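See structure below.
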Amino acid sequence: MALAFDEFGRPFIILREQEKKTRLRGLDAQKANIAAGKAVARILRTSLGPKGMDKMLQSPDGDVTITNDGATILEQMDVDNQIAKLMVELSRSQDYEIGDGTTGVVVMAGALLEQAEKLLERGIHPIRVAEGYEMASRIAFDHLERISQKFEFSADNIEPLVQTCMTTLSSKIVNRCKRALAEIAVKAVLAVADLERKDVNLDLIKVEGKVGGKLEDTELIYGIVVDKDMSHPQMPKRIEDAKIAILTCPFEPPKPKTKHKVDIDTVEKFQTLREQEQKYFDEMVQKCKDAGATLVICQWGFDDEANHLLMHRNLPAVRWVGGVELELIAIATGGRIVPRFQELSPEKLGKAGLVREKSFGTTKDRMLYIEQCANSRAVTIFIRGGNKMMIEETKRSLHDALCVARNLIRNNSIVYGGGSAEISCSIAVETAADRHPGVEQYAIRSFADALDAVPLALAENSGLLPIDTLTVVKAQQVKESNPHCGIDCNDDGTNDMKEQNVFETLIGKQQQILLATQVVKMILKIDDVISPSEY
């Protein structure tokens, strides 16, 4: 134990409170860790692919999330185990970097762990397994480069991008409208993309949702939608060629900073005070009018007097607009955000071709559409749906599609989906294993077996016989040396993913293999787990 004796034979303690800690060492630790990783992967296995199931998660305060997105499922699951947390981090990093393939990467890592367990039982040292995996992942990475294809698209020919986004959306709840949503996503990305620099800033795409209507009513607006209405019901609901003053200062009379008390003992004094305020307001409104503004968008509120005055002076206004929305409006209309009335000038105004207020259904809900902007680099995707969960899930699905379109603009190589890329890599890794002498070749073979987990899960979720389907497709790939054969999930009668138009981005697939291998190497290297034991 952790008792040691000094030269006089008196014991002293090395580990404090040792009886309160539990400790797993050696193979037991690795087995426990692998079991935890596999458990997480097993949860996500069923939600892979176009026929994957959704998960329903309830948060502690009773909010219900229904989702198919691997990263979201793992974020919402309150995971306690340390190794399971690594898996959550894994899918989160895939989500940040690529945005798509968050489920596949966890399934892949789970399969690698499962294979590693068999090797460890045979008595192969974990470090040798990790090294073999590293070699195999490099082989698979290079092989993906070889089977990938360049995908030519231009601003006029967006069909290739739409097809790839449709592949992403087909595994989500929204797959009945996947064509429409994919087109919306691609158009939104192309509207804000900088094609020379091959860069896309996704912050410029705002995704708004409103309950009501049906999914098919989802639309792309080349402009901004603000969930506010005009501050006074009698202000005009439609303004053409609007010049917009964007203010971050309150429309109120100034209040002295110090503690103050105003003594009013006569009516005249009250009158002068009121006139002073009135004059102050008049000046404010006049400044906006002088600058040529026809619409005021204000971050703060203004009291009823100001509202009344604005109405009389024919200056429509919107109040309580959030900071992020203000920035987007400023980007879209080419205006400046003005912090003080003194700084208002005609060149700081934003321009929009049309500002209109639109009401929905029988409710009092109104939204403000700012369209035909001077600088249409900011767009809004406006989602309708039957209930809140549907809209939230559509937002997540669209985020995946937007990320895929962005990745294709950055790097337009694709590989074919449906598990075809994994099967092809598996065959390549299997053949490469023979060239490596030593224990590593066992690990490399296991890596090849683990790659088959994705197509197996796809086949299983589609209700096919997993092993039969996989062996047929694999044999077909070897026989025809055609890396495009995958699992026919939608039962279209052909295994050729090129005909089925199922694509995935190359960088997404490569990232999956690299990230999964890294996490598995990390888990395999842990041989001692010391944790405080629960009472």
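Laid out as a table, the results:
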quantity	calculated
Charge dipole (debye, nearest 20) of the range 223-375; +1 at Cβ of Lys and Arg, -1 at Cβ of Asp and Glu	200 debye
Whichever aspartates and glutamates have a C-alpha closer than 12 Å to that of Lys31, once near sequence neighbours (fewer than 8 apart) are set aside	Glu114, Glu117, Glu121, Asp527, Asp528
Candidate lysines - alpha carbon under 23 Å from Lys172, same-chain residues fewer than 8 apart omitted	Lys51, Lys55, Lys187, Lys206, Lys210, Lys214, Lys388, Lys395, Lys498, Lys509
Expected 222 nm ellipticity per residue - DSSP helices of 4 or more, -39500 (n - 2.57), all of the chain, to 500	-15500 deg cm²/dmol
Mean Cβ neighbour count within 10 Å, used as a protection proxy, ranking 140-147, 422-429 highest first	422-429, 140-147
Gain in span if fully extended, Leu514 to His312, counting 0.36 nm per residue against the direct Cα distance	66.3 nm
Mean Cβ count within 10 Å, highest first, over the residues of peptides 90-102, 516-528, 72-84	90-102, 516-528, 72-84
Fraction of antiparallel bridges per DSSP, the range 195-335 only, in percent to nearest 5	10 percent
Gyration tensor verdict on the range 220-366 (Cα atoms; rounded if a/c is under 1.5, prolate if a/b is larger than b/c, oblate otherwise)	prolate
Tilt relative to the chain, helix 126-147 - C-alpha long axis, 0 to 90 degrees, to 10	60 degrees
Full-stretch length increase - Arg128, Glu277 - with 0.36 nm per residue and alpha-carbon distance subtracted	45.6 nm
Coil-residue trypsin sites (Lys or Arg not before Pro) of the range 254-323, DSSP, other Cβ within 10 Å capped at 10	Lys257, Lys259, Lys261
Under 17 Å from the Lys479 label point (7 Å along Cα→beta-carbon), backbone N, the range 431-469	468-469
Arg25 accessible area, assembled protein chains, probe 1.4 Å, Å²	150 Å²
Residues of type aspartates and glutamates that Lys358 reaches as a straight line, Cα spacing below 13 Å, ignoring anything fewer than 8 places off in the same chain	Asp227, Asp229, Glu371
Fraction of antiparallel bridges per DSSP, the chain only, in percent to nearest 5	70 percent
Gain on full stretching of the segment that runs from Phe360 to Arg25 - 0.36 nm per residue minus C-alpha separation	114.3 nm
In the range 249-341, lysine pairs closer than 27 Å at Cα, eight or more apart or cross-chain	14
In degrees, nearest ten, helix 466-480 long axis to first principal axis of the chain (Cα)	80 degrees
Label selected from (i) 24; (ii) 42; (iii) 48, the criterion being percent of Cα pairs over 40 Å apart as computed here	(ii)
Local net charge near Glu499, Cβ-Cβ under 13 Å (Lys/Arg +1, Asp/Glu -1)	-2
Shape category assigned to the range 59-126 from the gyration tensor of Cα positions, a/c cut at 1.5	prolate
Derived scalar couplings ³J(HN,Hα) [the range 431-436; Karplus, 6.51 cos²θ - 1.76 cosθ + 1.60; whole Hz; x for Gly, Pro]	5, 6, 4, 5, 7, 9
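The values are calculated or read from the model by the stated rules, or taken from the named source; none is laboratory data. Treat the numbers as computed from the prediction; the structure is a model and nothing was measured. Quick reminder, even Gly has a Cβ in these numbers, built from the backbone with ideal geometry, and neighbours come from all protein chains shown. Please note that ligands, DNA and RNA were not included when accessible areas were found on the heavy atoms of the full protein model with its side chains. Shrake-Rupley method; radii C 1.70, N 1.55, O 1.52, S 1.80 Å.
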